[in-house]
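Colleague: Starting off with a structure, shown below.
The values are calculated or read from the model by the stated rules, or taken from the named source; none is laboratory data. The structure displayed is predicted, hence computed values, not measured ones. In this analysis, Cβ positions are derived from the backbone assuming ideal geometry, glycine residues included, and neighbour counts consider all displayed protein chains. For accessibility, only protein heavy atoms count, side chains too; no ligands or nucleic acids. Shrake-Rupley method; radii C 1.70, N 1.55, O 1.52, S 1.80 Å.
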Amino acid sequence: MPIRIVLLLLGTLFASMGCACYMYAEMGIAPYDSVAFIITTYTNEKISFRAARILSDLTVIAIGIAFCLMAHHSVWEIVGLGTIVNACCNGPLIQFFRGKLETFL
């Protein structure tokens, strides 16, 4: 289990860094990533990217849980530690790496 947790954290870091890189390079944004970007843009940055990303991730998780419960399945079939870590950490990490890229490049 400790190895799985380390790999989860490394995977989250690398995925967030990758998202930040292609967003900074303006190579396009994946549809799922663009939801948080659109929220930030339309609120004139009153809602930060990190908060918008966490909000969109938690919304998707809530929808998944609702459908899982309607189908009378266990919630833990779709929600696990990785889901929670990614929902809470992707937005802040992407924003962190974007900031580092802006100062570095």
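Colleague: When both residues are 6+ apart or on different chains and their Cβ atoms are under 6 Å apart, which pairs have a first residue that lies in segment 22-35 and is farther than 18 Å from LEU55 by Cβ, and a second that is open to solvent by 40 Å² or more (accessible area, probe 1.4 Å) and of a type in the set (S, T, N, Q)?
Modeller: Listed pairs, sorted by first residue: none to list.
Colleague: Which is within 17 Å of the chain's Cα centre (by Cα), over 16 Å from ALA15 (Cβ atoms) and touching a residue at least 24 places away in the same chain (Cβ under 8 Å), of ILE94, ILE61?
Modeller: The unique qualifying residue is ILE61.
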